[in-house]
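Trainee: Next up is a structure, given as structure tokens.
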Amino acid sequence: MVGADLQPRGAARDWPRLIECLGSDDFGARMEAGAALCGAGEATVQALTEGLSHARWKVRHRCVEMLGHLAEQEDLERLCRALRDPVVRVRQAAVHAALSVPCRSPAVQATLTETLVECAVSDSSVTVRQRAISGLGQQPFHAQAVQALREIGETEAHPKLRRLAQWAVGCQERKKAGAVTQKPADGLPSARAVLDLLPEAALPRAEALATAQLVPLLGVAEKRVRYEAAGVLFHRGAASLNTVVAGLGHPSVFVRRACASLLDHLADDRCVTPLSKALRDSDEQVRRSALHSLTCEACKPSPLSGDLVAPFIERALHDPNIRVRRVATGVLGNYVHDDRAVAALRTIYAQDSDPTLRSRAGSALKKAG
């Protein structure tokens, strides 16, 4: 719920102020601004794209992150301007956001690819170049991209960039040959496309893979295979739910991470218990993804129900990883109607040594009044 000081109930949205609050040092103010910005469709996207030229880089950075979830292909050209932002973190986020926007127009796709080529070749940050090269490997075949990637693969001094470019060239060449362009009518990757990216001995050759066969692919080394497998599982929706839930107990930490993330979109009330169990996984990324999947409402048909306060308190107070504790503390701010959550937040605010935890707990307690 948006705080009264930021957005009074029933009032028209004050877009400039909401955008400004995205760069606030106060965690609660940022979360409230983000919540207030959501749900207004084109008006939100327009406000966020205007925020790309804000004087403060933190505001630009968070506008880019939100656009990665909300923008459509007609907004992609404006989002691509952030790939030339003077701040490295903004450019890093812009690469990820631009690749997340659904794009079916060949002209827009070509513009994106050309901008990524520019980043891959000439950006001053190795990390931005790395993300751009990886993104080019995932794009449809483009002759200019292949030429640039080959040059990087042959002449680049940085070994990681050189290897990544060689991998991306292979992906582009397979697309040109038609190996990964076989897609059903809805545009999602086919199961056969996943097989075509694997060595012949990796799995039995088949025209399609069962859901149970796709889940282990979430943990293979080849990034494109992981993405293709996740795409198929996502497309199958409820039909894949039980298998994805079972993947939370897979021996591979990478499979468990991917399954916890997929459940952000697929989960229903049957997933509350297994996701709560995943909050005690040995891997902190699995725990953070499980926290998000239990609490995020935007990506699901309906919010999950059940008593989640107790496991969230356990993570906020006792998780061995500070990042998980910070996320859990922020989540408890949504449960200030529960006395248990308020008591835990007061304990954190009064006793914890981490300033970020105290800040988040303090912001949450303000909602409790």
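The values are calculated or read from the model by the stated rules, or taken from the named source; none is laboratory data. As the structure is a prediction and not an experimental result, all values here were calculated from the model. In this analysis, Cβ positions are derived from the backbone assuming ideal geometry, glycine residues included, and neighbour counts consider all displayed protein chains.
Trainee: When both residues are 6+ apart or on different chains and their Cβ atoms are under 6 Å apart, which pairs have a first residue that lies in the stretch 357-369 and is more than 21 Å from ASN321 (Cβ to Cβ), and a second that is of a type in the set (Lys, Arg)?
Mentor: Qualifying pairs under 6 Å: none.
Trainee: Would you tally the residues in the stretch 237-264 being out of contact with any helix residue (DSSP H, G or I) (no Cβ under 6 Å at 6 or more places or on another chain) and either at positive phi or part of a helix (DSSP H, G or I) (or both)? Steps first, please.
Mentor: Within the stretch 237-264, the subset out of contact with any helix residue (DSSP H, G or I) (no Cβ under 6 Å at 6 or more places or on another chain) is 237-239, 242, 246, 249, 251, 253.
Filter once more, so that each one left must be either at positive phi or part of a helix (DSSP H, G or I) (or both): 237-239, 242, 246, 249, 253.
Adding up the residues that qualify gives 7.
Trainee: Sticking with this one: List every residue pair whose Cβ atoms sit under 9 Å apart, with the two residues 6 or more apart in sequence or on different chains, where the first one lies in the stretch 82-98 and is farther than 19 Å from LEU70 by Cβ and not assigned by TED's automatic domain parsing to the domain that holds ARG131 and the second, anywhere, is among the small types (Gly, Ala, Ser) and not in a helix (DSSP H, G or I).
Mentor: VAL88/SER124; VAL88/SER125; ARG91/SER125
Trainee: Now a separate question. Note down all Cβ pairs under 8 Å where the first residue falls in the stretch 45-57 and is without any contact (Cβ under 8 Å) to a residue 12 or more places away in the chain, the second is not hydrophobic (A, V, I, L, M, F, W, C), and they're at least six residues apart or on different chains.
Mentor: Close Cβ pairs (under 8 Å, with a partner that is not hydrophobic (A, V, I, L, M, F, W, C)) amount to SER53/ARG60.
Trainee: Do the conditions hold for ARG226, that is, is it among the charged types (D, E, K, R), assigned to a helix (DSSP H, G or I) and modelled with pLDDT of 85 or more?
Mentor: So ARG226 does not fit the description; no.
Trainee: Ok, one more. Which condition from (1) within 22 Å of CYS80 (Cα to Cα); (2) of a type in the set (Val, Ile, Thr); (3) surrounded by 21 or more Cβ atoms within 10 Å (Cβ to Cβ) is the one that VAL169 breaks?
Mentor: (1)
Trainee: Would you mind finding the one in VAL87, VAL45, VAL101, VAL95 that is over 24 Å from GLY333 (Cβ atoms), buried (at least 22 other Cβ atoms within 10 Å of the Cβ) and not aromatic (Phe, Trp, Tyr)?
Mentor: Sole residue among the options that is over 24 Å from GLY333 (Cβ atoms), buried (at least 22 other Cβ atoms within 10 Å of the Cβ) and not aromatic (Phe, Trp, Tyr): VAL95.
Trainee: Out of LEU291, LEU317, which single residue is of a type in the set (A, V, I, L, M) and outside the structural domain of ARG358 (by TED's automatic domain parsing)?
Mentor: Only one candidate qualifies: LEU291.
Trainee: Can you name every residue in the stretch 265-289 that is part of a loop (DSSP other than H, G, I, E, B) and among the small types (Gly, Ala, Ser)?
Mentor: ALA267, SER282
Trainee: Filtering the stretch 297-318 down to residues that are aliphatic (A, V, I, L, M) and assigned to a helix (DSSP H, G or I), which residue is surrounded by the fewest Cβ atoms within 10 Å (Cβ to Cβ)?
Mentor: Taking the stretch 297-318 first, the residues aliphatic (A, V, I, L, M) are 298, 304, 308-310, 313, 316-317.
Adding the requirement that they be assigned to a helix (DSSP H, G or I) leaves 309-310, 313, 316-317.
Values: VAL309: 18, ALA310: 12, ILE313: 23, ALA316: 27, LEU317: 16.
Top of the filtered list is ALA310.
Trainee: What is the one condition in (1) surrounded by fewer than 22 Cβ atoms within 10 Å (Cβ to Cβ); (2) of a type outside the set (Lys, Arg); (3) out of contact with any Lys or Arg (no Cβ under 8 Å at 6 or more places or on another chain) that ASP354 does not satisfy?
Mentor: So the condition that ASP354 fails would be (3).
Trainee: Right, here's the next one. Filter the stretch 168-192 for residues that are under 23 Å from the mean Cα position of the chain (by Cα) and modelled with pLDDT of 50 or more; which is nearest to LEU217 (Cα to Cα)?
Mentor: Selected residue: CYS171.
Trainee: Tell me, which helices (runs of 4 or more DSSP H) lie completely within the stretch 75-185 with 3 or more residues that are in contact with a Ser or Thr (Cβ under 8 Å, 6 or more places away or on another chain)? Spell out the reasoning first.
Mentor: Details: elements: 76-80, 88-100, 106-122, 126-138, 143-155, 159-176.
Once the helices (runs of 4 or more DSSP H) in the stretch 75-185 are filtered for at least 3 residues that are in contact with a Ser or Thr (Cβ under 8 Å, 6 or more places away or on another chain), what remains is 76-80, 88-100, 159-176.
Trainee: Same structure, new question: Going through the stretch 232-246 one residue at a time, which ones are surrounded by fewer than 17 Cβ atoms within 10 Å (Cβ to Cβ) and under 16 Å from ASP264 (Cβ atoms)?
Mentor: Those that are surrounded by fewer than 17 Cβ atoms within 10 Å (Cβ to Cβ) and under 16 Å from ASP264 (Cβ atoms): PHE234, HIS235, GLY237, ALA238.
Trainee: Taking the stated definitions as given, is LEU294 surrounded by 15 or more Cβ atoms within 10 Å (Cβ to Cβ) and farther than 22 Å from CYS38 by Cα?
Mentor: no
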